[in-house]
1. About the Cα centre of segment 390-515, what is the dipole size in debye to 20, counting +1 per Lys and Arg Cβ and -1 per Asp and Glu Cβ, all else neutral?
2. On full extension of the chain, what length is gained from Asn291 through Glu336, given 0.36 nm per residue of separation minus the C-alpha to C-alpha distance?
3. Could you compute the FRET efficiency for Tyr480 and Glu299, with r as their C-beta to C-beta distance and R0 at 30 Å, rounded to 0.05?
4. Under a cut-off of 26 Å between alpha-carbon atoms, report the lysines in cross-link reach of Lys25, not counting same-chain residues fewer than 8 places apart.
5. When a/c reaches 1.5 or more, the comparison of a/b and b/c decides; with that in mind, is segment 306-347 rounded, prolate or oblate per its Cα gyration tensor?
6. How big is segment 266-384 in terms of Cα radius of gyration and Dmax, in angstroms?
7. Give Lys255/Lys327; Lys183/Lys428; Lys139/Lys456; Lys207/Lys437; Lys72/Lys332 a once-over and call out the pairs whose C-alpha atoms are over 30 Å from each other.
8. Full-extension gain between Asn390 and Asp143, please, as 0.36 nm times their residue separation minus the C-alpha to C-alpha distance.
Amino acid sequence: MRNIDILWVDDEIDLLKPHILFLEKKNYKVTTCTNGTDAVDLVDDMNFDIVFLDENMPGISGLDALNLIKQKRANLPVVMITKSEEEYIMEEAIGSKIADYLIKPVNPNQILLSLKKNLDHSRLVTEKTTLNYQQEFRKISMDLSMVNSYQEWIDLYKRLIHWELELENIDDSNLLEILESQKSEANTHFFKFIKKNYEDWLTGDDKPTMSHTLFKDLIVPNLSKDQGLLVVVIDNLRYDQFRVLEPYINNFYRKETEHSYFSILPTATQYARNAIFSGLMPSEMEKRHPNYWKNDTDEGGKNLFENEFLTEQIKRLNLNIKHEYYKITSLKNGKELEENYNGTKQNDLTVVVYNFVDMLSHAKTEMEVIKELVGDDKAYRSLTVSWFKNSPLLSIIQKAKELGQKLIITTDHGTINCNTPTKVVGDKNISSNLRYKTGRSLSYENKDVYEVKNPKDIFLPSISINSPFIFTKEDLFFAYPNNFNHFVKYYRNTYQHGGISLEEIIIPCAVYNSK
């Protein structure tokens, strides 16, 4: 391995000889100079790995030299060393993107720590993360065989996502493959857990918060006449995507509580999101509000009456509140709400449904360029972050903070990257979703699905007599025997929802107070 090249700039460099000898004994190569002008010229002529720069020197100042060095080599780490503890100097240096800030007198170990932090960071993080995950791998494997409650599944899934986000930042791809195997095994167990418990949750007392109880359980307790509440429902947002968006929310808000709740089946927008706003299960919506509810085989949009559902639920709960509902399906819609958001100041509740992430997952199926951009979960998260940072939604959240509103971020369901086909046959009127089917004359692999022969048992509407619902497990998707290979090639490695997986069912709801 080649030596690390250090440039050390200090007008009293001779006094630092012991420090330089200490570094040279550890195989660092140190070039020295006594002023900022020479330092800028040396950076122009040589490839240094890092610069130690004195802040107070004759001639151009350390801060001026820092700016000139950054103009020439923006990514070169510069460590500022100063006698001064003046706050404005620290702020200027940090604003100029220094790598570290040390106060004189510095000792050799401080220098060594700064070098390791800046130059060995990737290796050290990889080694530590690898060791920690190897230990956690054994714990997760043991817990997988024993997890037996919805809260334990929430905790286990969050641990898996934590390690996925940790491991994607290290150089060892083998560990990510091991984690993917663990997630796959977890989804196998989770499917069995849902099959065993789902129906009981809908009629029993021991149950998680679900789509149809989300408003009553988690939103109503945060309503107040003294403070407005903004509820943002980002369609199709998985827990891992929520985690990578959080740092940007944290610029404006401080998280008060975080909940994970369970999407109802099917984990699809027309079922789960309508359930959120109505506070009802689908068969109850069909019975109470036949003018608002549409089944899979009905013509027309399936989520056109969310505000009407919400209004009815507010009445049923006897809530005396002023509310407004907005659905954002385009950049133009988002910018209009951003420009006019101050008009929500008098609302007790403002609800914003934002559809971008769902459109992104559908675009991966339909557009080749998106398929290339979103090749895996890491890329999917990255594109979600890129959208969020530049979207009107982030500005809307900032404006809500300025109005003193409380904030809830949630979603209606998640999604999973599907790679494994399973054959299904039915009549021409069966539903089109790739993760669940309902209709007559269904034929399928029993081992691959959760079958509900009587939809009323899980509060789903019956499209016709003898029309069961079937839900796929893990990363499976339904494919028809006719033109099977073409169908599989088209839909493999696409994001789908409607079935049973940790990614689709266990989803976030977080409550924030403005900073």
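1. 220
2. Working: separation 45, 0.36 × 45 = 16.20 nm, distance 2.95 nm.
That works out to 13.2 nm of additional length.
3. On the way: r = 22 Å, r/R0 = 0.74.
Plugging the Cβ-Cβ distance into 1/(1 + (r/R0)^6) gives 0.85.
4. Partners found: Lys17, Lys104, Lys116, Lys117, Lys128.
5. Working: a/c = 6.77, a/b = 1.75, b/c = 3.86.
It is oblate, given that a/c is not under 1.5 and a/b is not larger than b/c.
6. Here Rg and the maximum Cα pair distance are 17.0, 50 Å.
7. Details: Lys255/Lys327 24 Å; Lys183/Lys428 35 Å; Lys139/Lys456 39 Å; Lys207/Lys437 25 Å; Lys72/Lys332 40 Å.
Distance filter (> 30 Å) returns Lys183/Lys428; Lys139/Lys456; Lys72/Lys332.
8. Numbers: separation 247, 0.36 × 247 = 88.92 nm, distance 3.97 nm.
Contour length minus the Cα-Cα distance gives 84.9 nm.
Bear in mind these aren't lab numbers, they're just calculated from the coordinates by the rules spelled out. From a predicted model like this one, the values you see are computed outputs, not experimental measurements. FYI the Cβ positions are ideal-geometry reconstructions off the backbone, even for glycines, and counts take in every protein chain you see.
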